[in-house]
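Worksheet: the structure to be examined is printed underneath.
Every number here is computed from the coordinates shown, using simple stated rules; none is lab data. Just so it is clear, the structure is predicted and the values come from calculations on it, not from any experiment. Cβ placement follows ideal geometry from the backbone for every residue including glycine, while neighbour counts extend to all protein chains displayed.
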């Protein structure tokens, strides 16, 4: 009986660990999945005081078109989070974070017509822009 009890415990434990047949996968598309060492391009924008909500909304919509550039692996956009710590920079109005596979992808993105159109159409709205790139 001493030998059977551990075996029964093991069998019960294995039975409890069996899959229900439901497989959970990452909801992100393959190109949206995290790269091991992405090249990260971050853009922080401060709008001019007279920029309207309609102008902002149009820029936000146009920014989403950057997703269609073939070298963009992930795109994150948004306004500052509601974190309230003195060390957190929250003075910007809008951020765009783009992941590329490498520097070459970043360089292709910089010359892409969709990116250039975004700059041409909306850069007049910005009082200040800060860009950081991380390898």
Check: Of 103, 118, how do they rank once you tally other Cβ atoms within 10 Å and put the fewest first?
Finding: 103, 118
Checklist line | Average projection area in nm² (convex hull over Cα atoms of the stretch 29-134, one quarter of hull surface) | finding: 7.4
Item checked: For 87, 131, 97, order by how many other beta-carbon atoms lie within 10 Å, fewest first -> 87, 131, 97
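Could you please rank 42, 124, placing first whichever residue has the fewest other Cβ atoms within 10 Å of its Cβ? Mind showing how you got there, number by number?
Working: 42 14, 124 10.
So the residues, fewest neighbours to most, are 124, 42.
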